């Protein structure tokens, strides 16, 4: 009888950054049921996000825009310096061409509106593994 090999799933490390505890809890729950993601940390503001990213080395940062201490655009610029290969999704209620322009300037990879929360997982997969995203229909609004 042939041996059955268990398929190993590579878990992508995620850092959640939002000043709203309820939003972080919701997003954590979304990712918790996905075998290929692991939320390894949370931060309430951009400065805390940068500090945690240095130690956690996440594959993905889900980043709010409007936060105290350091907003999402400022945080993204600093994250690029300390974890340059980490993908960044701006998760915000703000939309429009100005937000998209500023996101590009801050080297944010994509934008997901908070009203489209269910698209966050498929979008994250698409961003981290473009071939997987194409197979599963994941789409993101590219900021770059």
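Brief remarks follow.
- Contact order, relative form, for the range 12-142: 20 percent (alpha carbon pairs under 8 Å, 6 or more residues apart, mean separation divided by residue count).
- Computed FRET value (nearest 0.05) for residue 98 with residue 77, which takes r as the C-beta separation and R₀ as 25 Å: 0.90
- Rounded, prolate or oblate (a/c below 1.5 giving rounded, otherwise prolate when a/b exceeds b/c) for the range 12-142 by Cα gyration tensor: rounded
Read the figures in this text as sums done on the coordinates, not as results from a lab. On a predicted model such as this, the values are computed, not experimentally measured, just so you know. Ideal geometry is used to build each Cβ from the backbone, glycine not excepted, and the neighbour counts take in all protein chains shown.
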